[in-house]
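The next block holds one structure in the form of structure tokens; read it before the comments.
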Amino acid sequence: MAYNLLKGKKGIIFGALNEQSIAWKVAQRCHAEGAEIVLSNSPLALRMGELNNLAAECNAPVIGADVTSNEDLENLFAKTKEHFGGGVDFILHSIGMSVNVRKGIPYYENNYDFTHKGFDISALSLHRVLQLAMKHDVINEWGSVVALSYIAAQRVFPDYNDMADNKAVLESIARNFGYYYGTKKKVRVNTVSQSPTRTTAGSGVKGFEGFISYAEKMSPLGNANADQCADYCITLFSDLTKMVTMQNLFHDGGFSFTGVTQAVIEQMEK
Ligand SMILES: NC(=O)c1ccc[n+]([C@@H]2O[C@H](COP(=O)([O-])OP(=O)(O)OC[C@H]3O[C@@H](n4cnc5c(N)ncnc54)[C@H](O)[C@@H]3O)[C@@H](O)[C@H]2O)c1
């Protein structure tokens, strides 16, 4: 069901890779809610070709950008402004990658070249996007930026590896840049801390199936799926949440505040 919550709004969606991607669902929901969007992903993701289907469905241009490159981001922002004839009202940062995770290197043996690359893509990229957006005045007054995070920023989930550090920094950047962008232009910046979700990035984490079923049992409402995450992001892009900024918002069915559930106790007693 659509409510026209984003009618007249314009935005950039980073990170839709395939139909499982959280960003894919957010793009579809933005379109359904009346927004016009630009889709962006890395050159590698663009070569996979699936994004073109989403672009056709949402009537959105695709503009590639490696988020570790200022040049790519400046090109994306310039082309987006040209396309819309002005700035945007919202940005989704739905980007994450750890080479250490991909290569199965445990946290206590991390390769720092890989750590740097993952940090650049998964955390620093939010700062880069915000800094360049501010420099080129890309986001309109009362605009909204949302980045996706995970509770490993606060608690230990061993196989989440160096992504835990990346998420902690990501949330810190949202808080700190949120201060400056809010003061300067009333732009809000938040992170949404999402339940484990079956996507390409999610499933890359070792032991993911155990992880996801444990979270399901530990959440009074169960795990939040990608469609539900998209719904939540829409509210954060809408004018209904204008005064929410610098927050890490848990979207996890109650997992983050649950000590134990009956389902887990019963499992332990087996
Ligand atoms: N899946 C989960 O369990 C889960 C839970 C909480 C948070 N998140 C977060 O949600 C976000 C989206 O992940 P997802 O689960 O939809 O997986 P996904 O694999 O579909 O999305 C990750 C995206 O990052 C993009 N990316 C990687 N390197 C890039 C670069 N250099 N430049 C530009 N884009 C680049 C990929 O192309 C891909 O589109 C990530 O931040 C992830 O950490 C995921």
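Bear in mind these aren't lab numbers, they're just calculated from the coordinates by the rules spelled out. Computed from a predicted structure; not experimentally measured. Don't worry about glycine lacking a Cβ; one is built from the backbone with ideal geometry, like all the others, and counts go over all protein chains shown.
With the checklist (1) touching a residue at least 12 places away in the same chain (Cβ under 8 Å); (2) crowded, with 17+ Cβ neighbours inside 10 Å; (3) within 14 Å of the ligand (Cβ to nearest atom) in hand, flag the one item Thr200 doesn't pass.
Of the numbered conditions (1) touching a residue at least 12 places away in the same chain (Cβ under 8 Å); (2) crowded, with 17+ Cβ neighbours inside 10 Å; (3) within 14 Å of the ligand (Cβ to nearest atom), the odd one out for Thr200 is (2).
Scan segment 36-64 for residues that are free of Cβ contacts under 8 Å to residues at least 24 places away in the same chain and among the polar types (S, T, N, Q) and jot them down.
Passing the criteria: Asn52, Asn53.
Residue under question is Leu5, and the condition is that it be aliphatic (A, V, I, L, M), in contact (Cβ under 8 Å) with a residue 24 or more places away in the chain, over 23 Å from Val192 (Cα atoms) and more than 9 Å from the ligand (Cβ to nearest atom); does it hold?
Spelling it out, it is not the case that Leu5 is aliphatic (A, V, I, L, M), in contact (Cβ under 8 Å) with a residue 24 or more places away in the chain, over 23 Å from Val192 (Cα atoms) and more than 9 Å from the ligand (Cβ to nearest atom).
Among what's in segment 128-177 and is of a type in the set (S, T, N, Q) and either within 12 Å of the ligand (Cβ to nearest atom) or not in a strand (DSSP E or B) (or both), pick the residue that is nearest to Ser94 (Cα to Cα).
Ranking the qualifying residues of segment 128-177, first place goes to Ser149.
Out of (1) of a type outside the set (Asp, Glu); (2) in contact with a strand residue (DSSP E or B) (Cβ under 6 Å, 6 or more places away or on another chain); (3) closer than 20 Å to Arg188 by Cβ, what's the single condition that is false for Ser40?
(3)
Going through segment 172-184 one residue at a time, which ones are crowded, with 17+ Cβ neighbours inside 10 Å and more than 19 Å from Ile234 (Cα to Cα)? Don't jump to the end; show me each part of the working.
To start, the set of residues in segment 172-184 that are crowded, with 17+ Cβ neighbours inside 10 Å comprises 173-174, 177-178, 181.
Selection gives Ile173, Phe177, Tyr181.
Hey, any hits in segment 105-125 for a residue that's in contact (Cβ under 8 Å) with a residue 60 or more places away in the chain, crowded, with 19+ Cβ neighbours inside 10 Å and of a type in the set (Val, Ile, Thr)? Quick ask: steps written out before the conclusion?
Filtering segment 105-125 for residues in contact (Cβ under 8 Å) with a residue 60 or more places away in the chain gives none.
Scanning segment 105-125, I find no residue that is in contact (Cβ under 8 Å) with a residue 60 or more places away in the chain, crowded, with 19+ Cβ neighbours inside 10 Å and of a type in the set (Val, Ile, Thr), so the answer is no.
Within segment 1-33, work out how many residues are of a type in the set (Lys, Arg) and in contact with a Gly (Cβ under 8 Å, 6 or more places away or on another chain). If you could, list the steps in order and put the result at the bottom.
Step one: list which residues in segment 1-33 are of a type in the set (Lys, Arg), which gives 7, 9-10, 25, 29.
Filter once more, keeping what is in contact with a Gly (Cβ under 8 Å, 6 or more places away or on another chain): 7, 9-10.
Counting residues in segment 1-33 that are of a type in the set (Lys, Arg) and in contact with a Gly (Cβ under 8 Å, 6 or more places away or on another chain) gives 3.
Quick grid of which residues meet (1) in contact with a helix residue (DSSP H, G or I) (Cβ under 9 Å, 6 or more places away or on another chain); (2) within 20 Å of Ala215 (Cβ to Cβ):
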{"residue": "Lys135", "(1), (2)": "yes, no"}
{"residue": "Val138", "(1), (2)": "yes, no"}
{"residue": "Ser144", "(1), (2)": "yes, no"}
{"residue": "Tyr150", "(1), (2)": "yes, yes"}
{"residue": "Arg155", "(1), (2)": "yes, yes"}
{"residue": "Tyr160", "(1), (2)": "yes, yes"}
{"residue": "Ala168", "(1), (2)": "yes, yes"}
{"residue": "Ser172", "(1), (2)": "yes, no"}
{"residue": "Arg175", "(1), (2)": "no, no"}
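Looking at segment 65-82, I want the residues that are in contact (Cβ under 8 Å) with a residue 24 or more places away in the chain and have a partner that is among the charged types (D, E, K, R) and surrounded by 15 or more Cβ atoms within 10 Å (Cβ to Cβ) with Cβ atoms under 6 Å, at least 6 apart or on another chain. Which pairs are those?
Going by the 6 Å Cβ cut-off, the qualifying pairs are Ala65/Asp72; Asp66/Asp72; Thr68/Asp120.
For Leu73, are the conditions met, namely being buried (at least 23 other Cβ atoms within 10 Å of the Cβ) and within 20 Å of Met134 (Cα to Cα)?
Yes.
Condition (residue is crowded, with 21+ Cβ neighbours inside 10 Å and closer than 15 Å to Ile91 by Cα) applied to segment 213-225: is it met by at least one residue?
No - not one qualifying residue is present in segment 213-225.
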